[in-house]
1. Surrounded by 15 or more Cβ atoms within 10 Å (Cβ to Cβ) and over 30 Å from R283 (Cα atoms): which single residue out of I214, I240, I223 fits that description?
2. With A220, A168 as the choices, which residue is out of contact with any Pro (no Cβ under 8 Å at 6 or more places or on another chain), touching a residue at least 12 places away in the same chain (Cβ under 8 Å) and under 24 Å from Q40 (Cβ atoms)?
3. Looking at S60 and the list (1) more than 20 Å from T229 (Cα to Cα); (2) of a type in the set (S, T, Y); (3) surrounded by fewer than 24 Cβ atoms within 10 Å (Cβ to Cβ), which single condition is not satisfied?
4. For R233, all conditions in the list (1) open to solvent by less than 60 Å² (accessible area, probe 1.4 Å); (2) at pLDDT below 90 hold save one; what is the number of the exception?
5. Would you say L155 is of a type outside the set (D, E, K, R), under 29 Å from R284 (Cα atoms) and open to solvent by 20 Å² or more (accessible area, probe 1.4 Å)?
6. Any idea how many residues of the range 48-64 are part of a helix (DSSP H, G or I) and either of a type outside the set (G, A, S) or closer than 18 Å to M25 by Cβ (or both)?
7. State all residues of the range 97-139 that are open to solvent by 80 Å² or more (accessible area, probe 1.4 Å) and touching a Lys or Arg at 6+ places or on another chain (Cβ under 7 Å); if no residue qualifies, say none.
Amino acid sequence: MTAAHPHRGRAIVTMLVAVLMFSLMDALLKLLSDHYPPFQVATLRGLSSLPFVLTWALASAGWRPLLRVRWPLHLLRGVLGVGMMASFVYGVNRLPLSTTYSIFFIAPLLITALSVPILGERVGPRRWIAIGIGMLGVLVLLRPSGQGMLSLAALAVLAAAFGYAVSAITVRLLARTDSTQAMMVWLMVMITVGAGALAWSGWVPLRGEDLWLILGLGVAGTIGQYAVTEAFRLGEASLIAPLEYTALIWGVMLDLSLWGVLPDSVTWIGAAIIVASGLYLMRRESVHAEAEHP
């Protein structure tokens, strides 16, 4: 820990906690998806976190920052959030957590690629090569064995990763004018309302034994969202972002303990290619940022 970054250790621990909380949340989503349709599970995700997020937002910032927002971008983020959550739930219901995470890890590479046409950022040839290698890792994961080449579940996870990437770009735009509280509250509101409207016609009555899962979903999601926001506030992105890949460790542990499955060798190879590409990309972005701001 250096004088220049006195909060580095705290940022690392906070990010590790965030990844753990999101992994637990995803395991709960997988458990709930065995009994409820994807859009209903997405609704429960938003609804269970909303009271906690709203309480925190009002206590820390009040009403005004929640109302002075760029509504078109929030609506776009809400639509993306509904589609992303439902697609992820569909995929994670049919794939192991570890496989789902391995495919979803393409999201950071997609964010870099999309930053060129949307944000006008410059991406050099080395970073494009890293993105291409990461895409190759996805093809390894979608091999013609196991779950099958280009299964609907794998495509759903890819769609969720794409939606997440576009949503992350909108966060970069919104962060220039809107508060973190507003972004968190309105995303939960729109996921709850949007997914709820789509789920209403096929709504399955909630089982009493699932109420504790839904409560856990809200607590884990809220703590995870707060922790990841705090981690990026305390530490530099180049240090914090790679820790997201520790989700694969939790995914394997949860798969083994809850469902008794382990990734096969091809899944490990594909995941390794994607993670290595992502880590290299983050390193190149860090070097690029240091060159621009010596």
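1. Step by step, each of I214, I240, I223 is checked, and only I214 is surrounded by 15 or more Cβ atoms within 10 Å (Cβ to Cβ) and over 30 Å from R283 (Cα atoms).
2. A220
3. (1)
4. (1)
5. Details: of a type outside the set (D, E, K, R): yes; under 29 Å from R284 (Cα atoms): yes; open to solvent by 20 Å² or more (accessible area, probe 1.4 Å): yes.
So L155 passes the test.
6. Narrowing the range 48-64 to residues part of a helix (DSSP H, G or I): 48-61, 64.
If we keep only those that are either of a type outside the set (G, A, S) or closer than 18 Å to M25 by Cβ (or both) too, we end up with 48-56, 58, 64.
Residues flagged as part of a helix (DSSP H, G or I) and either of a type outside the set (G, A, S) or closer than 18 Å to M25 by Cβ (or both) within the range 48-64 amount to 11.
7. Scanning the range 97-139 gives a single hit, R126.
The values are calculated or read from the model by the stated rules, or taken from the named source; none is laboratory data. Because the structure is a prediction, the values reported are computed rather than measured. Note that we place each Cβ from the backbone using ideal geometry, even for glycine, and neighbour counts take in every protein chain shown. The area values use the complete protein model at the heavy-atom level, side chains included, leaving out ligands, DNA and RNA. Shrake-Rupley method; radii C 1.70, N 1.55, O 1.52, S 1.80 Å.
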